[in-house]
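Structure, as structure tokens:
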Amino acid sequence: TIGLLPPDEATARMGGLLRAAQSDGPAAMSTFLRAVCGEDAAAELDRLVPGALAEAFAYADAFFAGEFPAAIRWSFAPEDVRADLPVLTVRGTASAPRSVEGAEIVRSWFAGSASLVLDGAGHLLVAEEPTAIATRLPEFWNTTACWERPAPPRRLLAAAGVATPVAIMSGALRAATG
């Protein structure tokens, strides 16, 4: 079984943060960002995604009331995984050791899975390296068994106004690379 932290350790380490959030959500969010993403996470988040930091502070109460407690308790085991699909784990070389360990464990549960490790990226990797991720996703989708299942012809999807994942990511890649 893997999770963010063992339940007893999660309670011990995160209980104080939950209590602090009850009186000052934005200060607790700042502490959370430093703990999870690094000392300069707030400035980096604001630089990478303008407005995201202000939004994180504005919704801190909701985050600490719902998402954070759920994330602390989150865990699962191989028998909980019922999908037989390829998995691409994405992490950065600056990811926390627990994230690296978890990604490798999950990857071992899925035949045909792959890993993308982004040099220098940390927990904010989607904001730090969007082009690298946008480039790798279509490669992964086009070379894995997930496309071996019958699918509607692309012309029917296009006629229905439905974009395929490859078309969506290709558009994202074009937008990111100019």
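Structure data summary
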| item | result |
| --- | --- |
| Scope region 37-82; condition among the charged types (D, E, K, R) and over 21 Å from residue 98 (Cβ atoms); matching residues | 46, 47, 55, 61, 79, 82 |
| Test: residue in region 23-38 that is charged (D, E, K, R), at pLDDT 90 or above and either under 21 Å from the mean Cα position of the chain (by Cα) or in a helix (DSSP H, G or I) (or both) | no |
| Qualifying residue in region 135-144 (condition: within 29 Å of residue 35 (Cα to Cα) and modelled with pLDDT of 75 or more) | yes |
| Selection from region 31-89 of residues that are of a type in the set (D, E, K, R) and more than 25 Å from residue 129 (Cα to Cα) | 61, 73, 79, 80, 82, 84 |
| Region 57-74 - residue that is within 15 Å of the chain's Cα centre (by Cα) and open to solvent by 60 Å² or more (accessible area, probe 1.4 Å) and, of those, farthest from residue 30 (Cα to Cα) | 74 |
| Residue that is most open to solvent (accessible area, probe 1.4 Å) [pool: residues in region 109-124 that are touching a strand residue (DSSP E or B) at 6+ places or on another chain (Cβ under 8 Å), among the hydrophobic types (A, V, I, L, M, F, W, C) and outside any loop (DSSP other than H, G, I, E, B)] | 117 |
| Every pair of residues 6+ apart whose Cβ atoms lie under 8 Å, when the first sits in region 1-20 and is under 20 Å from residue 61 (Cα atoms) while the second is open to solvent by 30 Å² or more (accessible area, probe 1.4 Å) and modelled with pLDDT of 80 or more | 17/31; 17/32; 17/35; 20/27; 20/31 |
| Selection status of residue 11, out of contact with any His (no Cβ under 6 Å at 6 or more places or on another chain), closer than 21 Å to residue 102 by Cβ and hydroxyl-bearing (Ser, Thr, Tyr) | yes |
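The values are calculated or read from the model by the stated rules, or taken from the named source; none is laboratory data. Note that this is a predicted model, so its numbers are computed, not measured. Heads up, the Cβs are rebuilt from the backbone with ideal geometry, glycines too, and the neighbour counts pull from every protein chain shown. What goes into the accessible areas is simple: the full protein's heavy atoms, side chains included, and nothing from ligands, DNA or RNA. Shrake-Rupley method; radii C 1.70, N 1.55, O 1.52, S 1.80 Å.
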